[in-house]
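Before any comments, here is the structure.
The values are calculated or read from the model by the stated rules, or taken from the named source; none is laboratory data. Model, not experiment: these values are computed from the prediction. FYI the Cβ positions are ideal-geometry reconstructions off the backbone, even for glycines, and counts take in every protein chain you see.
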Amino acid sequence: MSMELEVVPAGLARVLEELPLVDHHVHGATSHDLSRTAFEELLGESDRPVPDWMTRFDSQLGFAVLRHCAPVLGLEPFCPPEEYLARRARIGAHEANRLLLGASGVGHFLVETGYRAEELLGPSGMAEASGAPADEVVRLESVAEQLAAAGCGAGEFGRRFAEALWERTGDARGLKTVAAYRCGLDFDPAPPSADEVAAAAGRWLEEGGRLRDPVLVRHLIWTGLERGLPLQFHIGYGDPDIDLKRSDPLLLRGLIELAEPTGVPLLLLHCYPFQRHAGYLAQAYPAVFFDVGLALTHVGARGSALLAESLEVAPFAKILYSSDAWGPAELHHLGALLWRRGMARVLGEFVLEEEWSVAQAVRVATMIGAENARRVYGLGG
Amino acid sequence: MSMELEVVPAGLARVLEELPLVDHHVHGATSHDLSRTAFEELLGESDRPVPDWMTRFDSQLGFAVLRHCAPVLGLEPFCPPEEYLARRARIGAHEANRLLLGASGVGHFLVETGYRAEELLGPSGMAEASGAPADEVVRLESVAEQLAAAGCGAGEFGRRFAEALWERTGDARGLKTVAAYRCGLDFDPAPPSADEVAAAAGRWLEEGGRLRDPVLVRHLIWTGLERGLPLQFHIGYGDPDIDLKRSDPLLLRGLIELAEPTGVPLLLLHCYPFQRHAGYLAQAYPAVFFDVGLALTHVGARGSALLAESLEVAPFAKILYSSDAWGPAELHHLGALLWRRGMARVLGEFVLEEEWSVAQAVRVATMIGAENARRVYGLGG
Amino acid sequence: MSMELEVVPAGLARVLEELPLVDHHVHGATSHDLSRTAFEELLGESDRPVPDWMTRFDSQLGFAVLRHCAPVLGLEPFCPPEEYLARRARIGAHEANRLLLGASGVGHFLVETGYRAEELLGPSGMAEASGAPADEVVRLESVAEQLAAAGCGAGEFGRRFAEALWERTGDARGLKTVAAYRCGLDFDPAPPSADEVAAAAGRWLEEGGRLRDPVLVRHLIWTGLERGLPLQFHIGYGDPDIDLKRSDPLLLRGLIELAEPTGVPLLLLHCYPFQRHAGYLAQAYPAVFFDVGLALTHVGARGSALLAESLEVAPFAKILYSSDAWGPAELHHLGALLWRRGMARVLGEFVLEEEWSVAQAVRVATMIGAENARRVYGLGG
């Protein structure tokens, strides 16, 4: 920890610095070199080209890269973007990944493989580059789309999706749904009937394209609940494909209540700017967990404010860590580093204000950073 | 005030420490001893059993109990939950209530008696245990349900509810509605016709159960407005029976505008996480007031952040204090204590930053902690 | 900068103190003297009379006037309201305007003239009183209402509105819409057909009153997009005429996407309490910009918290400064002063925490305070 954090009690600072985090929702690091344009386009969630009158380095995330990743690559903090990118190009993607993933201090990755996986390291590549174990989280919509691509009749879609899911997830630690992107979270929460599924599958298989039909999305989710692995939901902040107001986690209340008898853990990812809504749900329903991943990286210097808002009504056993990094290993490193620094500031302040003891702060840091995920996903350790 | 608050100007700290608060919305303290399970279930709003892999002591509220209530019972701060509960059991509920209610420094309780009142001290019991006066706030829905239980025809329901309300509220200081729980706040704001009320009453009296029909809820509210006592609304944070997104106070705009000619004060309770929405309404409409009770207790060390968000656009004459404590007297004590500490931090920071004078800070603390409620409810003093 | 800000790095403090801001959305200062009642009614957005049991001086905005404007008029900070108003009356509106507008240090005003302009200084009056250039922003709805008042047939409304808009905006720097007030932002985003416009115009021209029909509002917006000047949207916080929940900027997603091919900058004004929603949109869509004007003035000592929330996911090239002052020149001064002080605190803290360099902080302050607006509106300099 650097000097400005010296008010953080030493015991807490050390635990936060050294804790082997479980990154319970992450994608692979990019396996190839990135041009400036490609790199910059990944410093943000927008899929629009960066206008020529601006650079995404002028953002909290861009500043965090120059502040915190430059030293990992052997440069001074706050170096110019050009210097950073030149250095990165010189050492190459492989070495950059090794340095940045190693510096993250993550002890276990749960890698979601459902989005443009061919450009990224898979779980085994992540394990090799980082030296930490990596397991897989399978995206429901990708399994269905692969089934459609391989050829499937409408009437058999329901059955064959279940078969494909069981087969695909033999070693998986969890499932993920991007219902928020595909149809918004304001869908009818009840499981659809077999007839409804067949009819919707018929329309989709004929039209092609991404799976967006709410009936099919619901079918995937309910089949996922039967599969029984912890189920992750994309919530809130993401690329412009999302209608943010329809990704409010409060919209999931009906599904959460219907799913309660299954006992399947439901993990609300990212949640920004609805982190308080997610905390409320985690407080109300035993099966609900949440994190503030992705946004934590993107808000940079505001990370401690965001983490503080996640530490309100939810019991501490219901909060997890994730980076949701995708692509540049800078994002994997910053997710972990900003979590460590932000938690040190927030918990350190609780201690300084004599609201918490140091022992309580250490306990909560360990729960959120690793123990809760180990329990939910059965990771041992 | 403890040492970490020494930056708070002494004059402000003393006022906040000693101010006899008006807790304008509170329930009774539990009159009987509580098992660990029972106690822990009341450390949170969820009505679900606590899973065996967690304890609700691992929460902001749980930590606040160990930090701030343990010393009131003669224990060290941050003692283990087991030690705290053993001590509480040893001295008994009666003594725990006396110590904790006394330590709260509340000068006047307005006790809402409409929810499981048989397990709790009533207004006179609260007055006796605390040494402070206690008056009653009557829940509209409970009066209607008692009427139904006593027997009432559909056609006479409208008239008899009004009679029962007038009779029940002879000494009451205010009314309360839980419309947010029963049908959500997105109801048609206009008063229903007598025919609509009779028809809805007919359906409800035949089916039984809790009063949930929006027509009847509206009838209760409009009858309450005729009664003319200050009318409290549950808003936001509560148990899982609530659909949080339908408890946003902005949904009350139509009713607030229709009710303006009555001049009845409308008090938005709790409001988390919609406290800024409530502040906006309090700024816009002379009759609207609000507090951040309940949530303030549950967010523990984050209390000052929550209070700070309540001090934005609303005039200071429109903000009140409440604990919304229900059950363990720890909640009554913590509501008051976290308000005092949180306000000291927030207002002390305004002074330190040279944005406010000490005199202004003292004035605002006194208004919000006591004077505004005394004026709205006509408490004198 | 005063002493409490001494932790702010000197280089950053000086830049923030001296920066000639571009106030990209402001109204004129009141040209005449104001009674206590008139002055106090302008310390807030509510159009309701101030109840006799309160004063709007007891608010963040009222406190900020006494703290920061009193010294500009030669009084001690925190003087009583009576003393402040007496002094203001003695020197007269003309001198008060000169002192307060001069003290704001604004380098360029973009004056929106569409609301009760007859009571206010126009752009030339603002330039004269402040010594800084002032250009005009034209409100679409006002142009349409003037056309209706002058007489216009339903069938020719579409064409004649376009003619009037082009004629009225020859020298204008931007356009403004108050769709949020008139029909809420949940309107169909597509441009209406000529027949729909003629039919809606027929109804409106017969009924009279303000232009509220969503078809006509959409027509104004789409004609404004054709005109091609930067287009400002009222978002969020405002007087009770607004239904706040229908002014959430996330409701504009459809329009933003349909308008992307035009390349017209869309500027979301105020945004409180939806500033994070606005930041998300500014991050996602190249054409979207936003500010936290109006609210910044009204939250007074909480200004730094509000500014901090605006500095999360949006790139720094997408954030602007405005006061949205209307009437008393205190509001013009406070907008600028609270922005300077708030930014010094927030950016100073980022530097102190070693997350940002001083050079980065200076760069971002300059971008948000002036450069971004100069680029968007083509102001040169």
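State all residues of segment C:311-328 that are within 7 Å of another protein chain (Cβ to nearest Cβ) and either without any contact (Cβ under 8 Å) to a residue 24 or more places away in the chain or part of a helix (DSSP H, G or I) (or both); if no residue qualifies, say none.
So the first thing to find is which residues in segment C:311-328 are within 7 Å of another protein chain (Cβ to nearest Cβ), and the list is C:311-313, C:315-317.
Residues satisfying the conditions are C:316, C:317.
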Which residue pairs have Cβ atoms closer than 6 Å, lie 6 or more positions apart in sequence or on different chains, and pair a first residue in segment C:234-249 that is more than 9 Å from chain B (Cβ to nearest Cβ) and outside any loop (DSSP other than H, G, I, E, B) with a second residue that is surrounded by 19 or more Cβ atoms within 10 Å (Cβ to Cβ) and among the aromatic types (Phe, Trp, Tyr)?
-> C:249/C:274
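Among the listed residues C:58, C:33, identify the single one that is out of contact with any His (no Cβ under 8 Å at 6 or more places or on another chain), within 14 Å of chain B (Cβ to nearest Cβ) and acidic (Asp, Glu).
None of the other options fit; the residue is C:58.
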Some residue of segment A:250-269 being under 28 Å from residue A:29 (Cα atoms), in a strand (DSSP E or B) and within 13 Å of chain B (Cβ to nearest Cβ) | no
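Report the residue count in segment B:134-156 for those that are farther than 15 Å from residue B:113 by Cβ and either buried (at least 16 other Cβ atoms within 10 Å of the Cβ) or touching a Ser or Thr at 6+ places or on another chain (Cβ under 7 Å) (or both). So that I can check it myself, show each step before the final result.
Taking segment B:134-156 as the starting set, the residues that turn out to be farther than 15 Å from residue B:113 by Cβ are B:147-156.
Checking which are either buried (at least 16 other Cβ atoms within 10 Å of the Cβ) or touching a Ser or Thr at 6+ places or on another chain (Cβ under 7 Å) (or both) leaves us with B:147-148, B:152, B:154.
Residues in segment B:134-156 being farther than 15 Å from residue B:113 by Cβ and either buried (at least 16 other Cβ atoms within 10 Å of the Cβ) or touching a Ser or Thr at 6+ places or on another chain (Cβ under 7 Å) (or both): 4 in total.
Give the number of residues within segment C:161-216 that are of a type in the set (Ser, Thr, Tyr), touching a residue at least 24 places away in the same chain (Cβ under 8 Å) and more than 26 Å from residue C:242 (Cα to Cα). Before you say what the answer is, go through the steps one by one.
The first filter runs over segment C:161-216 and keeps only residues of a type in the set (Ser, Thr, Tyr), leaving C:169, C:177, C:181, C:193.
Next cut, touching a residue at least 24 places away in the same chain (Cβ under 8 Å) only: C:169, C:177, C:181.
In the following step, the residues that additionally are more than 26 Å from residue C:242 (Cα to Cα) were identified as C:169.
Total meeting the criteria: 1.
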Out of segment A:55-85, which residues are surrounded by fewer than 21 Cβ atoms within 10 Å (Cβ to Cβ), among the hydrophobic types (A, V, I, L, M, F, W, C) and either without any contact (Cβ under 8 Å) to a residue 12 or more places away in the chain or under 17 Å from residue A:37 (Cβ atoms) (or both)?
-> A:85
Could you tell me whether residue C:24 is out of contact with any Lys or Arg (no Cβ under 7 Å at 6 or more places or on another chain), under 17 Å from residue C:105 (Cβ atoms) and either within 12 Å of chain B (Cβ to nearest Cβ) or exposed (fewer than 15 other Cβ atoms within 10 Å of the Cβ) (or both)?
-> no
Residues of segment A:102-133 being buried (at least 17 other Cβ atoms within 10 Å of the Cβ), under 30 Å from residue A:200 (Cα atoms), of a type outside the set (Val, Ile, Thr) and in contact with a Gly (Cβ under 9 Å, 6 or more places away or on another chain), in sequence order, are A:112
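Limited to segment C:326-381, what total is found for residues that are aliphatic (A, V, I, L, M) and either touching a Lys or Arg at 6+ places or on another chain (Cβ under 8 Å) or at positive phi (or both)? First the steps, then the outcome.
We begin by selecting, within segment C:326-381, every residue aliphatic (A, V, I, L, M); these are C:329, C:331, C:334, C:336-338, C:343-344, C:346-347, C:351-352, C:358-359, C:361-362, C:364-365, C:367-368, C:370, C:373, C:376, C:379.
So of that shortlist, the ones also either touching a Lys or Arg at 6+ places or on another chain (Cβ under 8 Å) or at positive phi (or both) come out as C:379.
Adding up the residues that qualify gives 1.
Give the residues of segment A:270-290 that are hydroxyl-bearing (Ser, Thr, Tyr) and either closer than 25 Å to residue A:227 by Cβ or more than 8 Å from every other protein chain (Cβ to nearest Cβ) (or both), sorted by residue number. I'd like the intermediate steps shown before the answer.
The initial filter retains those residues of segment A:270-290 that are hydroxyl-bearing (Ser, Thr, Tyr), namely A:272, A:280, A:285.
The one that is hydroxyl-bearing (Ser, Thr, Tyr) and either closer than 25 Å to residue A:227 by Cβ or more than 8 Å from every other protein chain (Cβ to nearest Cβ) (or both): A:285.
Looking at A:371, A:355, A:309, which one is closer than 18 Å to residue A:106 by Cβ and either buried (at least 24 other Cβ atoms within 10 Å of the Cβ) or modelled with pLDDT of 95 or more (or both)?
Details: A:355 fails: closer than 18 Å to residue A:106 by Cβ; A:309 fails: closer than 18 Å to residue A:106 by Cβ.
None of the other options fit; the residue is A:371.
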Test residue B:218 against the stated conditions and say whether it is modelled with pLDDT of 95 or more, within 14 Å of another protein chain (Cβ to nearest Cβ) and assigned to a helix (DSSP H, G or I).
-> no
Among the residues listed as C:42, C:34, the single one being touching a Gly at 6+ places or on another chain (Cβ under 7 Å) and closer than 19 Å to residue C:120 by Cβ | C:42
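Looking at segment B:157-198, which of the residues that are among the aliphatic types (A, V, I, L, M) and more than 30 Å from residue B:45 (Cα to Cα) is surrounded by the fewest Cβ atoms within 10 Å (Cβ to Cβ)? Even if it seems obvious, please write down each step before you answer.
Here is the first cut: in segment B:157-198, the ones among the aliphatic types (A, V, I, L, M) are B:162, B:164-165, B:172, B:175, B:178-180, B:185, B:190, B:194, B:197-198.
Imposing the further condition that a residue be more than 30 Å from residue B:45 (Cα to Cα) reduces the set to B:162, B:164, B:190, B:194, B:197-198.
On the way: B:162: 16, B:164: 17, B:190: 11, B:194: 13, B:197: 25, B:198: 18.
In this case the residue turns out to be B:190.
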Residues A:325, A:282, A:287: which one is more than 20 Å from residue A:256 (Cβ to Cβ) and among the small types (Gly, Ala, Ser)?
-> A:325
Can you give me the number of residues within segment B:36-55 that are within 8 Å of chain A (Cβ to nearest Cβ) and acidic (Asp, Glu)?
-> 1
Please work out if residue A:301 is closer than 24 Å to residue C:305 by Cα and of a type outside the set (Ser, Thr, Tyr).
-> yes
Which one is nearest to the chain's Cα centre (by Cα) among residues in segment B:343-381 that are more than 16 Å from residue B:10 (Cα to Cα) and of a type in the set (Lys, Arg)?
-> B:374
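From the list A:56, A:14, which residue is modelled with pLDDT of 95 or more and over 25 Å from residue C:313 (Cβ atoms)? Before the answer, list the steps.
Values: A:56 fails: over 25 Å from residue C:313 (Cβ atoms).
On inspection, the qualifying residue turns out to be A:14.
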Among the residues of segment C:246-275, how many are of a type outside the set (Ser, Thr, Tyr), buried (at least 22 other Cβ atoms within 10 Å of the Cβ) and either more than 23 Å from residue C:220 (Cβ to Cβ) or touching a Cys at 6+ places or on another chain (Cβ under 9 Å) (or both)?
-> 3
Considering B:86, B:70, which residue is touching a Phe, Trp or Tyr at 6+ places or on another chain (Cβ under 7 Å), more than 30 Å from residue B:351 (Cα to Cα) and hydrophobic (A, V, I, L, M, F, W, C)?
-> B:70
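Conditions (1) in a helix (DSSP H, G or I); (2) more than 9 Å from every other protein chain (Cβ to nearest Cβ); (3) among the acidic types (Asp, Glu), marked per residue:
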position: A:292; (1), (2), (3): no, yes, no
position: A:309; (1), (2), (3): yes, no, yes
position: A:330; (1), (2), (3): yes, yes, yes
position: A:343; (1), (2), (3): yes, yes, no
position: A:351; (1), (2), (3): yes, yes, no
position: A:359; (1), (2), (3): yes, no, no
position: A:368; (1), (2), (3): yes, yes, no
Taking segment C:136-177 and keeping residues more than 25 Å from residue C:290 (Cα to Cα) and outside any helix (DSSP H, G or I) leaves C:151, C:152, C:153, C:154, C:155, C:156
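Looking at segment B:41-54 only, could you name the residues that are closer than 21 Å to residue A:359 by Cα and in contact (Cβ under 8 Å) with a residue 12 or more places away in the chain?
Taking segment B:41-54 as the starting set, the residues that turn out to be closer than 21 Å to residue A:359 by Cα are B:43, B:53-54.
Of everything in segment B:41-54, just one residue is closer than 21 Å to residue A:359 by Cα and in contact (Cβ under 8 Å) with a residue 12 or more places away in the chain, namely B:43.
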